[in-house]
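The values are calculated or read from the model by the stated rules, or taken from the named source; none is laboratory data. Everything quoted here is computed from the prediction, not taken from an experiment. In this analysis, Cβ positions are derived from the backbone assuming ideal geometry, glycine residues included, and neighbour counts consider all displayed protein chains.
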Amino acid sequence: MLNQALRYFLEVANTGSLSAASVNLHVAISAISRQIARLEEDVGAPLFERAARGMTLTEAGRMLLAHARRTALETQSVLTAIGNLAGIPGNLIRVSCSQGLANDLVPTEVARFRDRHPDTRFALWVGKSSVATQLVAEGEADVAVTFSVDPTPGIQVRHSVQSPVHAVMAADHPLAARPSLSMDDIQRYPLALTDKGTMTRNMYDHSRGMAGVYVEAAVTSNYSGTLHALVRESHSILLAGYVSMAGRLARNNLVARPLIDPEMQFRSVQIQVMAGRQLPVLIESFIERLAHALDALREAELKLGMDTP
C-alpha cells in the first residue's frame, strides 16, 4: 500500500499545488510540505519545481509519479481480489475509447464479456483519442481502445491493427462502384467531417496541407451518429475507419471505400495499458477478447477490399 508520503506526493502531483492538495486531503499545508521534503531527501533529488503559480514535476518527479500510480492501482487490485473472497463485488473495468470505437466495437465486446462474467462492471469513457490515452497514463482508466499514430510515454501497446481512413457514402452514391478513391476524387462532393482535434480530422487537414489545397467541410460535428445519418440521406462523404463503421454499413445502406493517399494510411487502432502495470486476470481476459475482435474486423476490412467490384 502507499505510505503517507507517497499519497501526499500523488495528490500534489495531480493537483499542481500544495493548497489544492491540502483541501482534498484535509491535511495542513505544512504537514504535506514536510512529507514531500522527506521524500525528496529519501530519493536524493528534487521532485518538484516550486513557483508562485504552483508545483511542476521534475524528471525525477515524473519517474516517481509513474511508479506511485502503478503501485496505487496494483494495491487496489489486490484489495478488490480480497474483497471478492469475502463476497464483496468489485470487478470494475474502466475503459476509455475513441468515439468511433464506441459505436459498435467496444459496447459489443463489453456485452459479450458480461455474458461470460456477469459480475463484471464497466465504466466507459468516450472522447478524443489523445485523452483516452492520457486517462490510462494517469491511472484513471485501465484500458484504452483508441486510434493512434505516435508512441506515447508511459503507455504500453498490447495489441495494434492498421486502420486506414475510408470514404463512407450512401450505397447509391456516384462513387460507390469504385474499388478505391483518392482525396481528389471525393473533394468534388460535400464532405462531412468530425471536429478539429479528432484523429481523422487531423489526418485530413495534414493531407490537404501537404497537397497545398483545402476544401471546407459542408458539415462538421462532434457526434459521429449525426454524420452517419447525413451521408445516408445525401451525396455527402464521411471520412472514417472501417472499424468504426463495420456494424453500421449494411444497417444504414452505406459503403466504405479505401483511400489510396499514403497520408491516410498510417493510423492504427491500439489497445493501450499503463506501462509496467501488472493487470488483474479479469482485465487481461477482456484485452484478449478485444484483440480477437480487432483482428476479425481487420480481416473483414481486407476481404471487403478484395471483394469490391
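Condition check ((1) more than 16 Å from Ile237 (Cα to Cα); (2) touching a Phe, Trp or Tyr at 6+ places or on another chain (Cβ under 9 Å); (3) free of Cβ contacts under 8 Å to residues at least 24 places away in the same chain) across all residues:
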{"residue": "Leu124", "(1), (2), (3)": "yes, no, no"}
{"residue": "Val131", "(1), (2), (3)": "yes, yes, no"}
{"residue": "Asp142", "(1), (2), (3)": "yes, yes, no"}
{"residue": "Phe147", "(1), (2), (3)": "yes, no, no"}
{"residue": "His173", "(1), (2), (3)": "no, yes, no"}
{"residue": "Ala176", "(1), (2), (3)": "no, no, no"}
{"residue": "Ile186", "(1), (2), (3)": "no, no, no"}
{"residue": "Tyr189", "(1), (2), (3)": "no, no, no"}
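Can you pull out every residue in the stretch 144-168 that is part of a strand (DSSP E or B) and under 30 Å from Arg178 (Cα atoms)?
Answer for the stretch 144-168, where residues must be part of a strand (DSSP E or B) and under 30 Å from Arg178 (Cα atoms): Thr146, Phe147, Ser148, Ser160, Val161, Gln162, Val165, His166, Ala167, Val168.
The rows are residues; the columns are (1) of a type in the set (D, E, K, R); (2) closer than 17 Å to Phe266 by Cβ.
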| position | (1), (2) |
| --- | --- |
| Val161 | no, yes |
| Val165 | no, yes |
| Met169 | no, no |
| Arg201 | yes, yes |
| Tyr204 | no, yes |
| Val231 | no, no |
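Pairs please, first residue from the stretch 155-171 and more than 18 Å from Leu254 (Cα to Cα), second anywhere and of a type in the set (S, T, N, Q) and in a loop (DSSP other than H, G, I, E, B), Cβ atoms under 8 Å, 6+ apart in sequence or on different chains.
If the second residue must be of a type in the set (S, T, N, Q) and in a loop (DSSP other than H, G, I, E, B), the pairs left are Gln162/Gln265.
Among the residues of the stretch 199-222, count how many are assigned to a loop (DSSP other than H, G, I, E, B) and at pLDDT below 85.
5
Report yes if Gly241 is at pLDDT 85 or above, in contact with a Phe, Trp or Tyr (Cβ under 8 Å, 6 or more places away or on another chain) and under 25 Å from Thr108 (Cα atoms), otherwise no.
Yes; evaluated as a whole, the condition is true for this residue.
In this structure, does Ser163 turn out to be surrounded by fewer than 19 Cβ atoms within 10 Å (Cβ to Cβ) and under 14 Å from Leu259 (Cα atoms)?
Spelling it out, it is not the case that Ser163 is surrounded by fewer than 19 Cβ atoms within 10 Å (Cβ to Cβ) and under 14 Å from Leu259 (Cα atoms).
Exactly one of (1) assigned to a helix (DSSP H, G or I); (2) closer than 19 Å to Ala132 by Cα is unmet by Leu279. Its number?
Failing condition for Leu279: (1).
Here's a check for you: in the stretch 249-288, which residue that is farther than 21 Å from Pro151 by Cα, buried (at least 16 other Cβ atoms within 10 Å of the Cβ) and under 18 Å from the mean Cα position of the chain (by Cα) is modelled with the highest pLDDT?
Phe286
Please verify whether the stretch 228-236 includes one or more residues that are buried (at least 16 other Cβ atoms within 10 Å of the Cβ), part of a strand (DSSP E or B) and in contact with a strand residue (DSSP E or B) (Cβ under 7 Å, 6 or more places away or on another chain).
no
For the stretch 8-29, what are the residues that are among the hydroxyl-bearing types (Ser, Thr, Tyr), under 30 Å from the mean Cα position of the chain (by Cα), in a helix (DSSP H, G or I) and surrounded by fewer than 19 Cβ atoms within 10 Å (Cβ to Cβ)?
Thr15
What about Ser182, is it in contact (Cβ under 8 Å) with a residue 60 or more places away in the chain, among the hydroxyl-bearing types (Ser, Thr, Tyr), out of contact with any Gly (no Cβ under 6 Å at 6 or more places or on another chain) and surrounded by fewer than 20 Cβ atoms within 10 Å (Cβ to Cβ)?
So Ser182 passes the test.
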